[in-house]
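Just below is one structure, and these are the notes that go with it.
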Amino acid sequence: MKKSLIAIAALAAVGAASAQSSVTLYGLADTGLQYTNSKVKVGDVTTKTSEFGANSGMLNGSRLGVKGAEDLGNGLKATFNYELGFNSANGNFGTNGEATSGFGRKATVGLAGNFGHVRIGRDNTVVDNLVTATSADAQSTVDTADRAYGRTTGRANDGTTDMVTDRANGVHYDGNFSGVAVSAFVAPSDANGNGATFQKKTKVDGTTTFEERQLGYGLSVGYANGPLTAGVAAQQFTSKESSAGVTTAKYSQTQAAVGGAYDFNVAKVYANYIYNRDKNTVAGTTDKHNEANVGVTVPFGAASFVAEYGYNYDKPNNAEALRSHDVTLGANYAFSKRTDVYARAAYQGLLKASDSGISGNQQTYAVGLRHRF
């Protein structure tokens, strides 16, 4: 009898411990066929490029993650979340600029309570979260929002820089106060979201020969009530290097966004505006980039339709302004809550400078399958 009571008590203790903590393995696989056709004209020279093949992450980056929480009592919880990206078309780890190995998408540990949720590690930035929430296609590969700027062969950073830094390594905070959401981060990261030493000094015989400092920080305020979602966010990344007391590099990138969405039940409309300024103090240059997007999603039973339009205005330092127009059309069909198929057609106008004879466009067509697990 005593042994039975002991066994029952042990099982009860295990059950109680399990109830106090949880671990979840999750993921998403998004694989499709993609055809891209682009044409760029600089002066009298026209370059045409076409690509076709299986691709990963057309709508969402394929990822595998593990997250969990432990109840510490008094409303306090310990949390963790580690997420790596992978190419679902070939099985390789790392895609879309993420780390080729390890948990490049997300890596945090934190504490959550009535005060909110504080996390240390790599997580999404405040501007990236706002743009995703207020974009009709949630920053998919063909979404008009946060497209790369400098998209002409006449720019040194041709097609390589997005409007928004999406992740940063540091301290992140989320809190909600009567429907008002506040998020912030402070991160020793550069404008690419890569972790770096906040301050690094090299001294030789007591004399500083090299010094490096990198810092990112951001803040957002949002409101969600019923069908309405709205918010504003801003973030900045700065870096400075000096050698033997002489500043050799000093750079800042400022990003800001305002956006909202409203659900009319028969359709949901989205709109946002994104601003990016790159300033190189040593070189004496300042580049400004502006982008406005509007979109709509329309549910129709198991199907849904999406349409977006984006306008881009790029003003390089002491150079002619560049303009472009983007359009995305698409449809999804859900077999279940976890699995759907999709089709997308997108037109991306390469940033155009009429006076210098730079023009072009890119067309993308894709069909694919997305599965969440």
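Readers should treat all values here as calculations from the given coordinates under stated rules, not as data from a laboratory. Everything quoted here is computed from the prediction, not taken from an experiment. Using ideal geometry, Cβ is built from the backbone for each residue, glycine included, and neighbour counts are taken over all protein chains shown.
Structure notes:
- Dipole magnitude for segment 223-341: computed about the Cα centre from +1 point charges on Lys and Arg Cβ and -1 point charges on Asp and Glu Cβ, it is near 260 debye.
- Quotient of the Cα radius of gyration of segment 23-74 and 2.2 N^0.38 Å, N being its number of residues: 2.14.
- Cα gyration tensor, segment 282-345 - rounded (a/c under 1.5), prolate or oblate: prolate
- Between Val109 and Val204, the modelled label-to-label distance comes to 3.9 nm, taking each label 7 Å out from Cα in the direction of the beta carbon.
- Cα pair distances of segment 250-373 binned at 5 Å [whole percent]: 2, 9, 14, 15, 16, 14, 11, 8, 6, 3, 1, 0
- Difference of contour (0.36 nm per residue) and Cα-Cα distance, Val367 to Thr285: 25.4 nm
- Above-threshold pairs, the threshold being 18 Å between Cα atoms, out of Lys77/Lys337; Lys106/Lys240; Lys250/Lys279; Lys67/Lys106: Lys77/Lys337; Lys106/Lys240
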